[in-house]
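Asker: One structure, pasted below without further comment.
The values are calculated or read from the model by the stated rules, or taken from the named source; none is laboratory data. Not measured: the values here are computed from a predicted model. Neighbour counts are summed over all protein chains in view; Cβ atoms, including those assigned to glycine, are modelled from backbone coordinates with ideal geometry. Surface accessibility is based on the protein's heavy atoms, side chains included, excluding ligands, DNA and RNA. Shrake-Rupley method; radii C 1.70, N 1.55, O 1.52, S 1.80 Å.
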Amino acid sequence: MKKLAADDLLTLERYARERNAFRARVMQHKARRQLAVGPHLRWCFEDRLTIQYQVQEMLRTERIFESEGIAAELETYNPLIPDGANWKVTLLIEFPDPDERRVQLARLKGVEDGCWIEVHGAERVFARADEDLERENEEKTSSVHFLRFELSPAMTRALLAGAALAVGVEHPAYRHRLEVPELVRQALLADLA
């Protein structure tokens with residue numbers, strides 16, 4: 001999947017005009033790329049469009065319009081675009097109550113390393129988590145992590161031929177398995193070369 005370049009982005013003025021329509025399109029797209037894995041973990045499978053939206057929103061929020069600032073945002077977010085042999089996932093740990101969240105983030109320390117995918121007939125692939133920087137400390141994990149799942153060519157071929165896909169989490173305090181619905185599985189196939 002092609003990385004984003006500055007020329008792929010809308011200017012701040014144009015984005016302001018087109019933001020509502022673009023956002024609606026992205027939200028519809030994202031809905032087919034998200035999974036609730038158990039009651040408190042949401043996996044958001046990123047791609048070029050979802051990352052473009054994130055960059056556009058950062059540029060808008062921070063009022064970044066100079067080329068150096070735009071380049072810095074692209075350098076930060078481009079690694080989250082899959083490269084054809086993997087999936088990139090933003091993992092969100094969701095507990096609405098701040099006090100409960102604090103307790104649960106301590107309890108779930110290391111959960112990001114227990115996230116896995118499984119193509120029917122193949123071994124589980126565990127996530128490579130937070131390759132850009134460490135997001136947990138000695139007391140707790142973060143509520144946001146970035147995961148990468150590498151697929152072998154055989155896994156990709158099996159998926160393209162119709163193999164089932166499951167995802168899950170293997171952690172002492174959080175164990176869940178989910179068969180990926182066909183609509184989401186089909187959306188994720190577009191990320192594979």
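Asker: Return yes when THR76 is hydroxyl-bearing (Ser, Thr, Tyr), farther than 30 Å from GLY110 by Cα and open to solvent by 80 Å² or more (accessible area, probe 1.4 Å) and no when it is not. Quick ask: steps written out before the conclusion?
Answerer: Values: hydroxyl-bearing (Ser, Thr, Tyr): yes; farther than 30 Å from GLY110 by Cα: no; open to solvent by 80 Å² or more (accessible area, probe 1.4 Å): yes.
No.
Asker: Kindly indicate whether any position in the range 162-170 is touching a residue at least 60 places away in the same chain (Cβ under 8 Å), assigned to a loop (DSSP other than H, G, I, E, B) and closer than 17 Å to CYS115 by Cα.
Answerer: There is no residue in the range 162-170 that is touching a residue at least 60 places away in the same chain (Cβ under 8 Å), assigned to a loop (DSSP other than H, G, I, E, B) and closer than 17 Å to CYS115 by Cα.
Asker: Name the one entry in VAL26, VAL37, VAL55 that is of a type outside the set (Ser, Thr, Tyr), on the phi < 0 side of the Ramachandran plot and in contact with a His (Cβ under 7 Å, 6 or more places away or on another chain).
Answerer: VAL37
Asker: Considering GLU100, GLU118, GLU123, GLU94, which residue is among the charged types (D, E, K, R), modelled with pLDDT of 95 or more, within 21 Å of the chain's Cα centre (by Cα) and surrounded by fewer than 16 Cβ atoms within 10 Å (Cβ to Cβ)?
Answerer: Every option except GLU94 fails the conditions.
Asker: On to the next question. If you take the residues of the range 176-193 that are in a strand (DSSP E or B) and in contact (Cβ under 8 Å) with a residue 24 or more places away in the chain, which of them is nearest to GLY110 (Cα to Cα)? Even if it seems obvious, please write down each step before you answer.
Answerer: To start, the set of residues in the range 176-193 that are in a strand (DSSP E or B) comprises 176-179.
Pick out the ones that are also in contact (Cβ under 8 Å) with a residue 24 or more places away in the chain and you get 176, 178.
Values: HIS176: 15, LEU178: 20 Å.
Per the stated criteria, the residue is HIS176.
Asker: Among the residues in the range 40-47, are any open to solvent by 40 Å² or more (accessible area, probe 1.4 Å) and farther than 22 Å from ARG185 by Cβ?
Answerer: Yes: the range 40-47 contains one or more residues that are open to solvent by 40 Å² or more (accessible area, probe 1.4 Å) and farther than 22 Å from ARG185 by Cβ.
Asker: Under 6 Å between Cβ atoms, at least 6 apart or on separate chains: pull out the pairs that start in the range 114-125 with a residue that is touching a residue at least 24 places away in the same chain (Cβ under 8 Å) and end on any residue that is crowded, with 18+ Cβ neighbours inside 10 Å and assigned to a loop (DSSP other than H, G, I, E, B).
Answerer: Every condition considered, the pairs that remain are CYS115/ALA127.
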